[in-house]
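Here's the structure, in structure tokens; my notes come after.
The values are calculated or read from the model by the stated rules, or taken from the named source; none is laboratory data. Please read these numbers as outputs of a predicted model, since none were measured by experiment. Don't worry about glycine lacking a Cβ; one is built from the backbone with ideal geometry, like all the others, and counts go over all protein chains shown.
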Amino acid sequence: MKSARRLVGFFGLAALGMAAFYGVVHFDLAQLVNLKSAQSTRVFHLNTTEHAHPKSIDVTTPNDAPAQDMPEVVRWYCNTPKALEGEEGQVPEGFRLKAVFVVTRHGDRVPMETLPNVKYNYNSWTCKLDPDKWPTDPLLSPFVKSAEKLRRSPNVFRSSANGVASMSPYPNSAGGPSRLTQTGVVQLLRVGEKLRRAYIDSKLLTVEGVRENQFTVITTPYSRTYQSATALMYGVLQDDLPKIRVHQENNVLFCGASCQCPLRNEYMKQFKSVDAKRFHEEPEFVSALETVAKTLDSKVANVRFKIIDALFGHVCNRLKLPCTTHTQACLEREHARNVLKFINQDQEQLRRESFNNYSRLAIQPLLSSIAKRMERFVEEKADVAKFVVYSGHDMTMTPLLSVLGLTHARWVPYASHVVMEMWERDRHEEQTSFEKNSTLTKPRKLELKQAVTSLDKSFVRFVHMGRDVTDMLEFCAGKLQTKLCPLEEFVNFVEQGVFQKFGKDSYRGACRP
């Protein structure tokens, strides 16, 4: 059993390495963090304001939900749309929200590649939105109307977003490889609606009178990430969706000008090598793959890098498992259970360490970009977006979670997300405290401004899949103030702490072999 766990790591994360080198994601990988505490199936009946549109409710019952006969990890990975609750926006009084940064994986999609001797009927997946089909949501129809306005708004797209500007902001065509499904759209609508309750309805953030660029989307050049982002932002902004500004990043790691990092690729090769050595060590798992290959009239080598993605693509969408075109032999639910039950069970320390080395260099540029945006808020720059969404992939989420110390080399569910909140001590309370402790009768304005806006008056908070995980972060250990992490600790970790493991003090230095 132990070797089987290692083996599944190889199947999934060999594809992760290919994505790192070639920008092609073959699998969706990553993490398992207390599912029950992170998300809930409860329907929200209370609200602080009146909605212009109906709220989402659970439209899937236990009897018609997908993957009910599958291992729990499969149901968790599918992340069937449900009404969500979370701990976003919940801090003690005396603090003011400055900005929100969301890193998310796209929603449910069609499998990327077909299995050998199988021809998919892509019309089986709902990739053209239809409120009468499962899973539905009251927000689907108004989302399409608002998204159409987005398409016709020339000011929405920045110069970098020429690629996605030509795409539909929502799925509106027949299915095809990697296409976002209606399930994926509903998943992100639910996430956005949860964030709206946390930040907009609670008045922590306001939409009225918003300046240009205050709500920013940064997406990779794929329709599934762009459409996932528009669905999430519709959940947040609803009819104000055209106020967003869209930027395009051409790498799944959001590394911008810092994508050249030779040592990062070397660490990925090391990681794959660790897994490859154990490829044939577990009879039970190898037997499951051999059975699948035999059913498909193929070889294990032809199915091992495609089978998990293919199984998830069918199981998560309540579709019949594929059949061969020439023998009409079909995969059965038992085949799927025997393969998928090993997902996320590997705890091999060597795998964890080698993947963490890769992750530190892979995701540091993204974290650095977020940290710099936060520092600009401290400097009170007027042009900084206060709500930023990075719409990415499993290849984005997996290294992020590894660097934060939450999970290592694990599969991440569709629509998984990490929210980073920036908070500042309330100015009124800061001024009162300053005046009480000052030897001056009337403190000068400059001194007061410096006291209020210095880095040590700002804090960050991390929420993963609705659960506050700030106290789990190593760089925040022993330094929390009212459950918030000083911004300075986050900045120091991103710009220095990430590299200490390599004995370097900069990204450029750490990237050199």
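General remarks:
- Residue within segment 137-153 that is of a type outside the set (D, E, K, R) and under 18 Å from residue 105 (Cβ atoms) present: no
- The residues of segment 355-381 that are of a type outside the set (D, E, K, R), at pLDDT below 95 and closer than 24 Å to residue 248 by Cβ amount to a single one, 377.
- Helices (runs of 4 or more DSSP H) wholly inside segment 185-298 containing at least 1 residues that are under 30 Å from residue 507 (Cβ atoms): 223-237, 262-276
- Residue under evaluation residue 415, criteria (1) in a helix (DSSP H, G or I); (2) modelled with pLDDT of 75 or more; (3) among the small types (Gly, Ala, Ser), criterion not met: (1)
- Filter result (in contact with a Leu (Cβ under 9 Å, 6 or more places away or on another chain), hydrophobic (A, V, I, L, M, F, W, C) and surrounded by fewer than 20 Cβ atoms within 10 Å (Cβ to Cβ)) within segment 211-259: 259
- Close pairs from segment 189-201: first under 15 Å from residue 241 (Cβ atoms), partner among the charged types (D, E, K, R) and not in a helix (DSSP H, G or I), Cβ under 7 Å, at least 6 apart: 189/137; 195/88
A quick yes/no check of all residues on (1) of a type in the set (Gly, Ala, Ser); (2) touching a residue at least 40 places away in the same chain (Cβ under 8 Å):
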residue	(1), (2)
111	no, yes
118	no, yes
123	no, yes
126	no, yes
141	yes, no
148	no, no
151	no, no
155	no, yes
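- Candidates 321, 361, 331, 311 - the one that is surrounded by 22 or more Cβ atoms within 10 Å (Cβ to Cβ), touching a Cys at 6+ places or on another chain (Cβ under 8 Å) and without any contact (Cβ under 8 Å) to a residue 40 or more places away in the chain: 331
- So residue 407, is it of a type in the set (Val, Ile, Thr) and out of contact with any helix residue (DSSP H, G or I) (no Cβ under 7 Å at 6 or more places or on another chain): no
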